[in-house]
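Structure, as structure tokens:
The values are calculated or read from the model by the stated rules, or taken from the named source; none is laboratory data. What you see is a predicted model; the values in this text were computed from it and never measured. For neighbour counting, all protein chains shown are included, and Cβ atoms are generated from backbone atoms with ideal geometry for every residue, glycine included.
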């Protein structure tokens, strides 16, 4: 798996406000979808993680910057990159790029901190070893 994961996305009517512009909070949904697909590509099943290992990932913190609007029917690409892997957390850098038009344009960027919690008590818990190894592999897979 590459260090930078990319996920294509189309802007639908449900993503927009009455002016046909993507509602600002929907970028968080777009980022969530891309992280879910990134986990899937790394071989990590969130269902298995929850049911078999009593662990799940929750959003702890977000910082988002909006650069330009996306509109109805735009073609976007959402990127996911691990910034830091901790014992019980993962920090991501994510971006939304507009692909419709003459050249790609950055629309939104952010940092998202995800925490791992125990599903029985929702308290912080270490990331299971095999999951941490898969995440670590995604960080170093493209490094020389």
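Before moving on, here are some points about what is shown:
- Note on the range 3-32: residues that are in contact with a strand residue (DSSP E or B) (Cβ under 7 Å, 6 or more places away or on another chain), within 20 Å of residue 134 (Cβ to Cβ) and not in a loop (DSSP other than H, G, I, E, B) amount to 5.
- Residue match in the range 62-70 (condition: surrounded by fewer than 14 Cβ atoms within 10 Å (Cβ to Cβ), in contact with a strand residue (DSSP E or B) (Cβ under 7 Å, 6 or more places away or on another chain) and part of a loop (DSSP other than H, G, I, E, B)): yes
- When residue 90 is tested against (1) outside any strand (DSSP E or B); (2) at pLDDT 95 or above; (3) over 30 Å from residue 13 (Cα atoms), just one condition goes unmet, and that condition is (1).
- Filter pass, residue 82 being surrounded by fewer than 16 Cβ atoms within 10 Å (Cβ to Cβ) and either within 17 Å of the chain's Cα centre (by Cα) or on the phi > 0 side of the Ramachandran plot (or both): no
- Checking each residue in the range 71-87 for being in a strand (DSSP E or B) and either farther than 27 Å from residue 20 by Cβ or touching a helix residue (DSSP H, G or I) at 6+ places or on another chain (Cβ under 8 Å) (or both) picks out 76, 78, 79, 80, 81, 82, 83, 84, 85.
- Test: residue in the range 116-123 that is modelled with pLDDT of 95 or more and either within 17 Å of the chain's Cα centre (by Cα) or within 22 Å of residue 8 (Cβ to Cβ) (or both): yes
- Failed condition for residue 74, given (1) free of Cβ contacts under 8 Å to residues at least 24 places away in the same chain; (2) surrounded by 15 or more Cβ atoms within 10 Å (Cβ to Cβ); (3) under 24 Å from residue 102 (Cα atoms): (1)
- When the range 118-134 is filtered for residues that are crowded, with 18+ Cβ neighbours inside 10 Å and closer than 18 Å to residue 60 by Cα, the ones remaining, listed by number, are 125, 127.
- For the residues 40, 35, the requirement of being in a helix (DSSP H, G or I), at pLDDT 95 or above, under 15 Å from the mean Cα position of the chain (by Cα) and under 26 Å from residue 130 (Cα atoms) singles out 35.
- Of all residues in the range 39-52, those satisfying the criterion of being buried (at least 16 other Cβ atoms within 10 Å of the Cβ) and under 23 Å from residue 122 (Cα atoms) are 39, 44, 49.
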